[in-house]
1. Lys and Arg at +1, Asp and Glu at -1: add these up for the other residues within a Cβ distance under 15 Å of Gln325 and post the number.
2. For Gly21, what is the net charge nearby, where nearby means another residue's Cβ is under 14 Å from its Cβ and Lys, Arg count +1, Asp, Glu -1?
3. Express in nm, to one decimal, how much length is gained between Trp115 and Ser4 on full extension, taking 0.36 nm for each residue of separation and deducting their alpha carbon distance.
4. Do you know the relative contact order of segment 10-83, to the nearest whole percent, from alpha carbon pairs under 8 angstrom that are 6+ apart?
5. Please give the FRET efficiency for Tyr294 paired with Ala231, using the beta carbon to beta carbon distance and R0 = 22 Å, rounded to the nearest 0.05.
6. What nm value, rounded to one decimal, do you get for the distance between Lys143 and Lys273 when each label is placed 7 Å out toward the C-beta?
7. If you fit an axis through the alpha-carbon atoms of helix 68-83 and take the longest principal axis of the Cα set of the chain, what angle between them do you get, 0 to 90°, nearest 10?
8. Hey, rough spin-label estimate for Gln123 and Arg328, points 7 angstrom out along Cα→Cβ, what's it come to in nanometres?
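None of the figures in this text is laboratory data; all of them are computed from the coordinates on show. A quick note: this is a predicted structure, and the numbers were derived from the prediction, not measured. No Cβ is skipped: glycine too gets one built from the backbone with ideal geometry, and neighbour counts run over all protein chains shown.
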Amino acid sequence: MVRSLNLLAETTIRKKDLKAGRYSDGGGLYLRVKKEGTKSWAFIHFKGSGADRAWKEAGLGSYPSVSLKDARIAATDCRDRLRRGLEPIDPEAKAEVPTFAECAADFIAEVGKSWSNPKHKAQWEMTLGEAYCKPILKKPVDKVTTADVLEILKPVWQKKPETAQRLRGRIERVLDFAKASGHRSGENPALWRGHLQHLLAKGQKLSRGHHSAMAYGDVPAFAKRLRASEALSAKALDFLILTAARSGEVLGMKWPELDLAEKLWTVPAARMKARKVHRVPLTDAAMTILMPLYEARLSDDGYVFPSEDRRGNLGPLSVMAMTMQMRRMEVGQYTPHGFRSAFRDWAGDNTSFPREVAEAALAHKTGDAVENAYRRSDALEKRRKLMAAWSNYLGATGKINLRIVA
């Protein structure tokens, strides 16, 4: 009887919600999925006959470090050894140690399951990729030394202190992951306390939670320049400014979240930082951006600001798209997130709208009962007036000193 082979599809294996259990690819090759979501390959066969017949299992490595293609090659070798009367795995063969790049990919795939913002995953992949870690990417993870880590950190330690310190911490976590997985032993070469602190100058104290913001007085002129561009990233950034939303909220926006007739965008709780539904009133300027995109949409449930990857699959616009748009416009010293600060400063300095209305527009939860009440539906119309005033301010020319009354 001919056994079926190659039963599994790569798309099935990649699923994050794959249930725990064994999945057969045929020919003795199985993908094992544990309850915590980790995946590994095993070659399963029977040894002996009659009462001595026993189920035997040989590990072939973890996924995605060992790809589906490589696992099938390994399973073919196992079957060939069995036909020659040998053990499927050579007992004297030393297990191959994964590279730093493979360990980093496994770590991000595992830990990234808890990240709700795709920007976090992109940031980790960027810092642990060729941008900074190129010298160690192809190196076996057990061969990464203190000298390697210093080679990566020294060029940016003083020039980009915040980036350097994050980079060091991420390398440390990947190497800890490798040690816990049995691929390393000994002290972590990226450890700061008691190790690198004696080899590198003390880093600058970092200011947390602040994003470089353009002064609100300069935003109208920037918005005018932005609207002269036909780039999708420019339209996404314009929409972000008009709604005072976060980058992840805008990039992850799909058409079912929008009620165009009511001029309302409802962001699901799962996509909000505070894990609460947030309703955003849409101004005429925001609708001007959305309507042409709606007419050109490829599906009713797709992303509003879509992008096609190398395989032709549609996903959201890159997390770096708006940042790169700002760099092209020579305002790269500011961040997209900073426009929320510009909006808040403008609302406080140039309008008489209550503070709680402005905070509700930013989906901020301060713990104050009055402000939290404004997050409910009774504040929607007040917020609609505030966002209309902000839109009018952005669309005006020249300096505006008029104080808007709520």
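1. On the way: positive: Lys224, Arg225, Arg227, Lys235, Arg327, Arg328; negative: Glu230, Asp238, Glu330.
Neighbourhood net charge equals +3.
2. +4
3. So the extension gain works out to 36.2 nm.
4. Relative contact order of segment 10-83: 22 percent.
5. It comes out at approximately 0.75.
6. 4.3 nm
7. 10 degrees
8. In this crude label model, Gln123 to Arg328 measures out at 2.4 nm.
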